[in-house]
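The values are calculated or read from the model by the stated rules, or taken from the named source; none is laboratory data. Only a predicted model underlies this, so the values are computations on that prediction, with no experimental measurement involved. In this analysis, Cβ positions are derived from the backbone assuming ideal geometry, glycine residues included, and neighbour counts consider all displayed protein chains. Just so you know, the surface numbers come from the protein's heavy atoms only, side chains and all, with ligands and any DNA or RNA stripped out. Shrake-Rupley method; radii C 1.70, N 1.55, O 1.52, S 1.80 Å.
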Number of protein chains: 2
Amino acid sequence: MFDILHRVGMKAPLDKVYQALATPEGVAGWWTTETTGDAKVGGMITFRFTDDTGRELGVFDMKIRELRSNTRVVWEVVKGPPEWVGTQIRFELKQEDDFAVVLFKHEGWREPAEFMYHCSTKWGVFLQSLKSLIETGQGQPSPNDVKISNWH
Amino acid sequence: MFDILHRVGMKAPLDKVYQALATPEGVAGWWTTETTGDAKVGGMITFRFTDDTGRELGVFDMKIRELRSNTRVVWEVVKGPPEWVGTQIRFELKQEDDFAVVLFKHEGWREPAEFMYHCSTKWGVFLQSLKSLIETGQGQPSPNDVKISNWH
């Protein structure tokens, strides 16, 4: 199995970052504006991605596996691109000085396919968007996300 | 062993991207302005990082393992942070439509330590800097790189 890892830190209280990860409204501010669903363990969230003309690029259904206040959020991919199904997306939170630190892991990829390379870079871009949302009030969620290649 | 993966694409001829990876002058435009050394297989390159006050943050000595025109650049870390020594940094290039695509792999980490999470995100930031250098003429190499956390 192969994992995507990232670490970002932002000057903010842990709770503010946790809310941006643990609720659909929060995630809509940095990953995709089309985020809908639950905010409780066992619930489902749907994330929809479109390009700037409204054409659908992808839809992901995830089950909320863990929600530990100011500590951890874990999703399991139930529906989406075949490479993603069965993988888990994990955010671990901790305070360091006046920074809230997020350790991110997208774990359980079956092979390091080219799509995994792409998703790794793209997750980094979205975590920068989370940092920007928390620190400035303005993220860059899809469909206004930073484009990194011919793949989006 | 654990690897950091990234994929970026830029609208440019392959050769322009290759030059930015295969020569110290090229790398100075997107990774660290303090890049010096060789541009031939078996040669050495030194990368030095400072913060904006000039304080040294780290120095890396790398051996150039492969240079294949418009195709591949591979470095091996000879000196630097203990987690990096012995790892390899690999750039594979290919053309897709009017994009030059870079598949990046920093391979051979002995464990997925927190420093690896940080380096993964930071490599993503620097590859965005490479894309910006190629597409706009202006990268964001150290010491003017994008800061991602309390660690830099």
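Results, tabulated for the structure shown:
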{"item": "Inter-site label distance for A:Phe115 and A:Val146 at 7 Å from Cα along Cβ, in nm", "result": "2.4"}
{"item": "Sites B:Ser132 and A:Asp97 - FRET efficiency at Förster radius 30 Å, r taken between beta-carbons, to 0.05", "result": "0.50"}
{"item": "Mean shadow area of chain A over all directions, Cα convex hull, nm²", "result": "8.2"}
{"item": "Anchor A:Lys16: lysines whose Cα lies under 19 Å away (excluding residues fewer than 8 positions away in-chain)", "result": "A:Lys40, A:Lys94, A:Lys131"}
{"item": "Per-residue average of Cβ from other chains inside 10 Å of B:142-150", "result": "4"}
{"item": "Trypsin sites (Lys or Arg not before Pro) within the range B:34-138, DSSP loop, no more than 16 other Cβ atoms inside 10 Å", "result": "B:Lys40, B:Arg55, B:Arg110"}
{"item": "Where labels lie 7 Å past Cα in the beta-carbon direction, separation of A:Leu57 and A:Glu25 in nm", "result": "2.6"}
{"item": "Where the range A:41-84 is the region considered: accessible area per residue in Å², 1.4 Å probe", "result": "51"}
{"item": "Buried solvent-accessible surface, both chains (A, B), 1.4 Å probe, Å² to nearest 100", "result": "2400"}
{"item": "Copies compared at B:Glu83 - label distances in nm, ascending, label defined 7 Å from Cα in the Cβ direction", "result": "2.4"}
{"item": "Solvent-accessible area, 1.4 Å probe, carbon plus sulfur percent, for the range A:1-54", "result": "56"}
{"item": "Rounded Å value of the spacing that divides the Cα centres of the range A:20-66 and the range A:80-135", "result": "14"}
{"item": "Model label zone, A:Glu107; criterion: amide N under 13 Å from point 7 Å along Cα-to-beta-carbon; scope the range A:1-43", "result": "A:1-6"}
